[in-house]
């Protein structure tokens, strides 16, 4: 009875303890507010150029660089109509060109990099470690090192001014980063699944198609999203291989709005830049959960 009475008795806290808890909680709240305010300020600073681009696309060209703020006095939509028809072809033509290159690059990377990654992660062959090390070294090799030999090769084959130099290397597993990404992902898949499939009579081809590919969804989605973003935004490679204006992709077509000898149509270029950002925004918006999942599970055991 004495123990029950003691346990049922109300517990009292001293005023000093309440006073000690109060300042501690207030300090944590103040630090949280300061941290959030700093993050908000940095975020606004980072997205300010993008906001200024969108706002400037609704301003006349002669007003754009005179008003660095984000306030619009008058909505000027002629930049979008003028920019769509300002070049030799409607701007949709260049969007289609970029779409062809992007689809080819995505399919090529998904096909070739997944096969190469499966070979490095599951197959046994001579000098496997050496070839894997060489593949990793190519990640650090800049494109400018191999640009001249590649251009001479494609020029001798008659492929300059076509989309082949932009798409074909993807089918040859030249993006080592994605191979390494998929290798790490496959290594996290239990080998017992391979052994069970091999007992059922499956070879490497059927194991890859029926076991690995369905489980590699996050890694494949990550590869597709990054390939889309990098290929859609690539300016340097199309500039080298595409000299015919009819074959221009979106980044090279945007460069055509600028003229060093006469006036540049900045308003139309900003308007078409906003248009070309829409596919990137949509891909990232709908593929964000796959992207996060693919990166988070890569290398997980």
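Filter the stretch 154-172 for residues that are assigned to a helix (DSSP H, G or I) and under 13 Å from residue 104 (Cβ atoms) and give the result. Break it down stepwise before answering.
Residues of the stretch 154-172 that are assigned to a helix (DSSP H, G or I), as a first pass: 154-156, 164-172.
Listed by number, the residues that qualify are 164, 165, 166, 167, 168, 169, 170, 171, 172.
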**Study point:** For residue 276: the one exception among (1) under 30 Å from residue 155 (Cβ atoms); (2) outside any helix (DSSP H, G or I)
**Key:** (2)
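Here is a yes/no grid of residues against (1) more than 18 Å from residue 257 (Cα to Cα); (2) in contact (Cβ under 8 Å) with a residue 12 or more places away in the chain:
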{"residue": "35", "(1), (2)": "yes, no"}
{"residue": "38", "(1), (2)": "yes, no"}
{"residue": "41", "(1), (2)": "yes, no"}
{"residue": "46", "(1), (2)": "yes, no"}
{"residue": "52", "(1), (2)": "yes, yes"}
{"residue": "57", "(1), (2)": "no, yes"}
{"residue": "61", "(1), (2)": "no, yes"}
{"residue": "67", "(1), (2)": "yes, no"}
{"residue": "72", "(1), (2)": "yes, yes"}
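We did not get these values from a lab; they are worked out from the coordinates using the rules stated. Here the structure is a predicted model, which is why all the values come from computation and not from measurement. Using ideal geometry, Cβ is built from the backbone for each residue, glycine included, and neighbour counts are taken over all protein chains shown.
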